[in-house]
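Take a look at the structure below.
Just so it is clear, none of the values below were taken in a lab; they were calculated from the coordinates. Just so it is clear, the model here is predicted, and its values are computed rather than measured. As a convention, Cβ positions derive from the backbone with ideal geometry for all residues, glycine included, and neighbour counts pool all protein chains shown.
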Amino acid sequence: MTSVAKVVCVDGDGCFQMTAQELVTATLEDLPIVVVLVNNAHLGMVTQWQDMFFDGRRSHVHLTSQVPDYARLAEAYGGVGMVVTDEAELDTALAEALELDRTVVVDCRVDPAEQVFPMIPAGAAALDMLENAIVACPDPLWGGTGDWHAFWYLASHTLFWLDYYLSGDPAGFRPPAPFGLEEMDPAGVLPPRVYSKAELLEYLRHGRARLRAVFADLSDEVAARPCGYPRREGSVLELHLYNLRHVQHHAAQLNLLLRQGGVEPPRWVSRASE
């Protein structure tokens, strides 16, 4: 960090509690970082998710605006703490915080009922990223048989495991034709042929419909159950989070292959198409 840098970190109160210990680094290194804390006394994103997609069935999201006292916490770490309870006070508080040239936490108390939009349904944007990459791949980059790193195979691999983990039936799972169970062969077997772009896009539509149905029926009770999948410990909800992370990982990998092949990859999707 240069001496002229002004860094402002805008953070929620729930997120800040996961990283607040880094204030000690900031103060010991004399870093002029201003943390603007959006304090709504809740895990805001999770609260909004539960309100919008789970009929307001809230679980484990309520914090408090007073405990901990974030301003005093900042002071305990050697920084400066401020509290803002009215929007009219914010400009003055920020100006003062930036002039101090020290580590400052500005605890802004906000309305817990205020929501943030757009709110994207689970997995939708990740699948859009995957779909856009498949559509953008030109024939020369699609790849052939016998190649574990072929574009078509990586896309097929991603869609197979998405479908498998959404099925809820690890023992009885069967993918739709023309896809097989080669992914589950312990010997490590590739599909018998190259799947076409049309086949993979149809499989993606199948996965998108299944994803929408699964999350529409995901109650607190179901989410907390053991997932029941071999080699996957944790709850049903944790399995779904792992599954979406897997989609995101390979969507990024496919975009990298496009770039390495001289193709400008699709733009980042911040809002789902449906």
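For the reader, a short list of remarks on this structure follows.
- The stretch 124-260, Rg to Rh (Cα coordinates; Rh as Kirkwood inverse mean 1/r): 0.97
- Dipole axis of the chain (+1 Lys, Arg; -1 Asp, Glu on Cβ), positive-most option in 137, 24, 178: 178
- Label-zone membership for the stretch 138-168, site residue 232, 7 angstrom Cα→C-beta point, backbone N under 14 Å: 158-168
- Degrees separating the helix 90-100 axis from the principal Cα axis of the chain, which is the longest one: 80
- Quarter of Cα convex hull surface for the stretch 183-247, i.e. mean projection, nm²: 5.6
- With all pairs of different C-alpha atoms in the average, the Kirkwood value for the hydrodynamic radius of the chain is 22.0 Å.
- When you work out D = kT/(6 pi eta Rh) for the stretch 7-109 at 10 °C and 1.306 mPa s, using the Kirkwood radius from C-alpha pairs as Rh and the Stokes-Einstein form, the result is 112 µm²/s.
- The chain - percent relative contact order, Cα under 8 Å, separation 6 or more: 19
- Taking the longest Cα principal axis of the chain as reference, the axis of helix 197-216 is set at about 50 degrees.
- Projected label distance in nm at residue 15 and residue 263, using a 7 Å step from Cα toward the beta-carbon: 3.3
- Lys, Arg +1 and Asp, Glu -1 on Cβ, resulting dipole of the stretch 124-260 about Cα centre, debye, nearest 20: 140
- Percent of beta bridges antiparallel (DSSP, the stretch 7-109, rounded to nearest 5): 5
- For the peptides 94-106, 7-19, residues were scored by their other Cβ atoms within 10 Å and the scores averaged per peptide; the highest-first order is 94-106, 7-19.
- Size descriptors for the stretch 92-180 (Cα atoms only): Rg and Dmax, in that order, 23.6, 65 Å.
- For the stretch 24-33, 3J(HN,Hα) per residue [Karplus equation, 6.51 cos²θ - 1.76 cosθ + 1.60, θ = phi - 60°, Hz, x = Gly/Pro]: 5, 5, 4, 6, 5, 8, 6, 8, x, 9
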